[in-house]
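Structure, as structure tokens:
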Amino acid sequence: MRTYFVETWGCQMNVLDSQRLAGVLEARGLRPAARPEEADVALLNTCSVREKAVQKVLSRLGELKHAKQSSGKPRVVGLCGCVGEQEGTTLLARTAGLDFVLGPGRIAQLAWALDAVDAGEKVSATGFGPTQDYDAHLIARGTSARQYVTLIHGCNQHCTFCIVPYTRGREASRPLVEIVREVEHLVEHGAREVTLLGQTINAYRCPKTGATLGELLAAVGGVPGLWCVQFVTSHPKFFTDNMIGSIAQAARVGSYLHVPFQSGSDAVLKRMHRGYSRAEYLDLVARLRAAIPDVTLSTDVIVGFPGETEDDFAATLDVASEVRFGQLYGFSFSPRPRTPAARYPGRVSRSEAGERLERLFALQSAVQLELNQALIGNTVELLVDGVARRGTESWQGRSPDNRVVNFPAWKGIRAGELARVTITGATPHALLGVRPEPSD
Ligand code: SF4
């Protein structure tokens with residue numbers, strides 16, 4: 001029996017894409033291997049959001065080529081994902097040991113690519129068709145109680161720093177009825193939490209009925225047996241009061257919203273082409289908190305964007321300290337090919353950007369510690385993920401507001417089940433808890 005391994009870099013979208021690739025391979029009778037170097041077919045499902053991505057992929061391809069030459073495995077190596085879309089055709093021509101390339105819009109062509117390689121060809125499929133092929137029945141999802149479902153492919157926004165519109169193509173929403181059916185199927189097969197995915201998820205429009213994200217959440221939230229529905233990533237400029245009201249009212253929607261602000265400086269936001277000002281972002285936060293009082297906000301921030309001054313960065317720190325995000329993902333600016341910002345003057349040195357990032361993380365860490373400490377004494381419901389660290393008795397789960405909780409296991413506890421835990425301690429990045437006393 002032939003085997004495969006899909007190595008995944010990057011975001012949740014890529015995790016789901018890897019499951020889609022694995023689904024095509026399993027439909028051909030291949031079974032998972034423990035490591036790429038032991039597999040007949042090894043796929044690298046790559047991310048190109050950061051500058052070093054291509055170097056990392058080249059180094060990994062070198063290792064697989066070496067393994068192929070010395071042991072005959074992997075027999076076939078495929079480059080998939082965003083680096084495949086961005087650089088694949090060039091890499092295919094110049095990289096020994098690489099057999100085929102597939103962009104994220106061409107996952108359905110994996111079977112064709114394998115047939116071509118078996119016939120002795122090297123092939124590449126990139127670009128995007130008029131519709132995105134997404135076969136919900138052909139996804140190797142495993143047994144996790146947490147699952148991902150794509151709502152929107154691609155992005156139309158063209159923020160000046162971002163490569164996603166080039167690697168994932170134009171925005172294309174999937175029909176509401178298909179999404180609800182997919183969620184129902186997942187819940188029937190053990191899912192308790194579903195995370196809906198899209199680069200600008202609140203721009204969702206059902207191509208058949210015009211339904212919005214609010215209407216879709218109402219429909220998905222009504223699926224019996226579902227514990228929680230999450231959705232990422234929301235763009236600040238697409239929230240309307242109507243949508244906020246629908247999110248607040250929809251059943252089972254997690255109290256966690258990921259809404260990147262990227263910078264607190266209006267001058268930088270303008271150069272990023274984000275489509276909102278600092279005041280508009282803060283007004284949105286106020287409206288979200290008024291409608292959903294227990295909401296936990298998380299965000300993305302880029303520091304060291306070209307031309308960012310110390311005053312611009314101070315404005316970013318101000319927003320972070322005013323909003324008090326539950327989670328913050330900070331990155332130094334990384335110039336990406338084809339994006340306008342890669343050509344902008346005023347590059348901030350690596351050391352300066354790194355130093356700003358450290359200041360931002362220090363502030364955020366203090367905020368998170370305070371927010372987490374305020375939860376001590378509360379009892380929360382969790383979806384249990386399993387053992388936190390191999391070899392320990394500590395287990396881990398997540399609450400509907402996406403907080404990680406570590407707790408000592410008790411007899412009979414199982415991954416994928418719901419559990420109630422009383423919070424007894426806090427760190428900036430996790431909560432500690434115990435099983436409540438029966439009377440609690
Ligand atoms: S909205 Fe998000 S994915 Fe789209 S271009 Fe901007 S940063 Fe990139």
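Read-outs throughout are calculated quantities, based only on the coordinates presented, and are distinct from any laboratory measurement. In this text the structure is predicted, and so the values were computed from the model without any measurement. With ideal geometry, Cβ positions are generated from the backbone for all residues, glycine too; neighbour counts draw on all protein chains shown.
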| task | Using a Förster distance of 35 angstrom, determine the FRET efficiency expected from the C-beta separation of residue 309 and residue 15, and round it to 0.05. | result | 0.40
| field | For the stretch 395-407, Karplus couplings with θ = phi - 60° (6.51, -1.76, 1.60), whole Hz, Gly/Pro x | value | 10, 9, x, 10, 8, x, 9, 6, 8, 7, 10, 9, 7
| note | In terms of the alpha carbon gyration tensor, root eigenvalues a ≥ b ≥ c, rounded if a/c is under 1.5 and otherwise prolate when a/b exceeds b/c or oblate, the stretch 195-236 is oblate
| message | Under the rule a/c < 1.5 gives rounded, and otherwise a/b versus b/c splits prolate from oblate, where does the stretch 203-313 land using the Cα gyration tensor? | response | prolate
| task | Set the Förster radius R0 to 45 Å, insert the Cβ-Cβ distance between residue 277 and residue 63 as r into 1/(1 + (r/R0)^6), and round the FRET efficiency to 0.05. | result | 0.45
| request: Would you grab the residues whose amide H sits under 5 Å from the one on residue 431? Only those 5+ places off in sequence or on another chain, please, with H modelled 1.01 Å from N. | output: 404, 405, 406
| note | For the chain, the Cα gyration tensor yields equivalent-ellipsoid semi-axes (√(5λ), largest first, whole Å) of 34, 29, 23
| task | Can you spot the lysines whose alpha carbon is less than 18 Å from residue 237's alpha carbon? Ignore those fewer than 8 places along the same chain. | result | 270
| field | Integer Hz, Karplus 6.51/-1.76/1.60 couplings in order for the stretch 277-282, x for Gly and Pro | value | 9, 4, 5, 5, 5, 5
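Helix-only mean residue ellipticity at 222 nm, the chain, DSSP H runs n ≥ 4 weighted -39,500 (n - 2.57), per residue, nearest 500. What is it? Walk me through the numbers before you get to the answer.
Values: 12 runs with 153 residues, N = 440.
Mean residue ellipticity at 222 nm (helix-derived): -11000 deg cm²/dmol.
Between residue 392 and residue 185, what length in nm is gained on full extension when 0.36 nm per residue of separation is reduced by their alpha carbon distance?
Contour length minus Cα-Cα distance gives 71.1 nm.
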| said: Give the separation of the Cα centroids, the stretch 396-417 to the stretch 1-59, in Å. | reply: 28 Å
| Contact order normalised by residue count of the chain, Cα under 8 Å, 6+ apart, percent | 10 percent
| Going by Cβ distance under 4.7 Å, what cysteines of the chain have no possible disulfide partner? | 11, 47, 80, 82, 155, 206, 228
| task | Just the ratio, please: alpha-carbon radius of gyration of the stretch 36-82 over 2.2 N^0.38 Å, N its number of residues. | result | 1.15
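For the ranges 73-85, 31-43, what's the packing order if you count other beta-carbon atoms within 10 Å of each residue, average per peptide, and put the highest first?
73-85, 31-43
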| remark: By the mean-Cβ-within-10 Å protection proxy, highest first, 49-60, 7-18 rank as 7-18, 49-60
| field | Total charge dipole magnitude, the stretch 283-379, about the Cα centre, Cβ charges on Lys, Arg, Asp, Glu only, Debye to nearest 20 | value | 460 debye
| message | Could you derive backbone 3J(HN,Hα) for the stretch 266-275 from the dihedral phi with the Karplus parameters 6.51, -1.76 and 1.60 (θ = phi - 60°), listing whole Hz in sequence and x where the residue is Gly or Pro? | response | 4, 4, 5, 4, 5, 5, 6, 6, 7, x
| Gain upon complete extension [residue 366, residue 300; 0.36 nm per residue less C-alpha separation] | 22.0 nm
| query | Check residue 3: other-chain or 5+ apart residues with amide H under 5 Å from its amide H, H built from backbone geometry? | reply | 31, 40, 41
| query | Which entries of 52/73; 65/122; 56/122; 73/122; 68/122 show an alpha-carbon separation above 24 angstrom in the structure shown? | reply | 52/73
| Cα gyration tensor shape for the stretch 102-222, rounded if a/c is under 1.5, else prolate or oblate | oblate
| field | FRET E, pair residue 338, residue 435, Förster distance 45 Å, beta-carbon r, rounded to 0.05 | value | 0.30
